[in-house]
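Contents: one structure, followed by commentary.
The values are calculated or read from the model by the stated rules, or taken from the named source; none is laboratory data. Keep in mind that this is a model prediction, so the values were computed, not measured. Methodologically, a virtual Cβ is constructed for each residue, glycine included, from the backbone with ideal geometry; neighbour enumeration extends over all protein chains shown. All accessible areas refer to the heavy atoms of the entire protein, side chains included, with ligands and DNA or RNA removed. Shrake-Rupley method; radii C 1.70, N 1.55, O 1.52, S 1.80 Å.
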2 protein chains.
Amino acid sequence: MLPTGLYLIPVTLGDTPIERVLPDYNQSVILQIKHFIVEDLRTARRFLKKVDRSIEINDLTFYVLNKRTPKNKLYDFLAPLQKGEAVGLMSEAGCPAVADPGSDMVALAHQRDIKVIPLVGPSSILLSLMASGFNGQSFTFHGYLPIQGDQRTQKIKELERRIYSDNETQLFIETPYRNQQMVDDLLKSCKPQTKLCVAANITCENEFI
Amino acid sequence: MLPTGLYLIPVTLGDTPIERVLPDYNQSVILQIKHFIVEDLRTARRFLKKVDRSIEINDLTFYVLNKRTPKNKLYDFLAPLQKGEAVGLMSEAGCPAVADPGSDMVALAHQRDIKVIPLVGPSSILLSLMASGFNGQSFTFHGYLPIQGDQRTQKIKELERRIYSDNETQLFIETPYRNQQMVDDLLKSCKPQTKLCVAANITCENEFI
């Protein structure tokens, strides 16, 4: 039986085959888990079926943890762990507890002295950093930048300052439908010599770097 | 045949079995590559033998890229790519081009319009961030902190300031034999309420988080 603990389970980024981005070990862990804390129910179910079509989804218990989940609800999610069972934590894409609400759950597990076991999988942040050719000795991830004009320009200029003053690579994400606007704003706000790497659909058929 | 390009190949962190931390796809890519740019020859050979014992090391060409490699040497490493062959880039541990000299090679590949393909694998930085329970929406990786007393204290205080002013998780690495000194310095320099996560031997038998 799988030792009790909170297993951090990465999922595919888009429509990638499992064996392209996940170690075999992850499958063996997943098949032994009956309780999953997930960011999105539908994505989680679809992912589990992709891992192994014979998984009986109805035998599993799901707990939804997203931006709207009240913090006190998280204590309920600890119940199986306190009974000695293993629990999996999954986000909607990529690695849980990075750029998603999962880290609150991990923090709570540590508070209760519950073992936390991170599994290897695809992270769009790390893969794009690797593939950028930019400084990987020192980098900052910012999540999303502000959407509004002035605030956004100010943030972009602050990030650019950090590239030159601290030799720090600056990473951020954007939703597909705002990508063009983002590129326009970067071209407008940054020095001509500032380098930009655009990475989209990483590990997928139409990977663009 | 594998399409030409610079494949970024993660290796195990310490003595982990391959199937614990690497997708099957990586093996299939590795078996098709004859040219490897590596940080350390011995580690690279040992890793390749671990991936598949039948790999004929003598049939492969290795190019060493480490801190002491002169920058102009990197142009020579492009030769197989310019002939349309695939080249693998490996660091000594974890993901290449993050916290190692590989990013210069990636940058050069982009300059020459050579395709760069990052593969999924273990990153001690990302895995410890996932498992820390700290803010994963915004974080900075600093590499090694200064070794000397005053400079180090100043840097630790600057990092702590960024935790509170920008709500940014601060990550850095330390060599095993300096770990105790690092913990002592952190305890001496930081506020009592500042949280610290120590992650060592990630994905290995004696993982400590």
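Okay, here's what the table says:
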item	result
Cut-off under 5 Å, modelled amide H: who pairs with residue B:144 long-range	B:173
For residue A:88, residues with placed amide H under 5 Å, excluding near neighbours	A:7, A:35, A:36, A:37
Rounded, prolate or oblate (a/c below 1.5 giving rounded, otherwise prolate when a/b exceeds b/c) for the range B:5-118 by Cα gyration tensor	prolate
Area hidden from solvent between B and A (accessible, protein heavy atoms only, 1.4 Å, total, Å²)	3900 Å²
Karplus-derived HN-Hα couplings along the range A:156-167 (A = 6.51, B = -1.76, C = 1.60, θ = phi - 60°), whole Hz, x at Gly and Pro	4, 5, 5, 4, 4, 4, 5, 4, 7, 7, 10, 6
Nm distances between copies for residue B:173, ranked from closest, using label points 7 Å along Cα→Cβ	2.4
Under the Karplus curve 6.51 cos²θ - 1.76 cosθ + 1.60, θ = phi - 60°, whole-Hz ³J(HN,Hα) for the range B:91-98, x wherever Gly or Pro sits	9, 6, 7, x, 8, x, 6, 10
Sequence-distant residues sharing a close amide H with residue A:116 (under 5 Å, placed H)	A:6
Prolate/oblate/rounded call for the range B:127-209, Cα gyration tensor, a/c under 1.5 rounded	oblate
Vicinal HN-Hα couplings computed from phi for the range B:18-27 (Karplus, 6.51 cos²θ - 1.76 cosθ + 1.60; Hz; Gly/Pro x)	3, 6, 6, 10, 10, x, 4, 3, 4, 4
Average other protein chain Cβ within 10 Å of Cβ, residues B:10-23	4
Number of partner chain Cβ atoms within 10 Å, mean per residue of A:139-146	5
Label point 7 Å beyond Cα along the C-beta direction, distances from residue B:83 to other copies (nm, shortest first)	6.3
Whether the protein assembly as shown is rounded, prolate or oblate, judged on the alpha carbon gyration tensor where a/c under 1.5 counts as rounded	rounded
Relative packing of A:87-100, A:170-183, which averages over residues the other C-beta atoms within 10 Å, highest first	A:87-100, A:170-183
7 Å along Cα→Cβ, label-point gaps from residue A:184 to other copies, nm, shortest first	5.8
Accessible area in square angstrom per residue, the protein assembly as shown, 1.4 angstrom probe	50 Å²
Cut-off 15 Å between beta-carbons: net charge of the residues surrounding residue B:170, Lys and Arg +1, Asp and Glu -1	0
10 Å Cβ neighbours from other chains, averaged over peptide A:110-117	3
Helix-only [θ]222 nm of chain B, DSSP H runs n ≥ 4, -39500 (n - 2.57) each, per residue, nearest 500	-10500 deg cm²/dmol
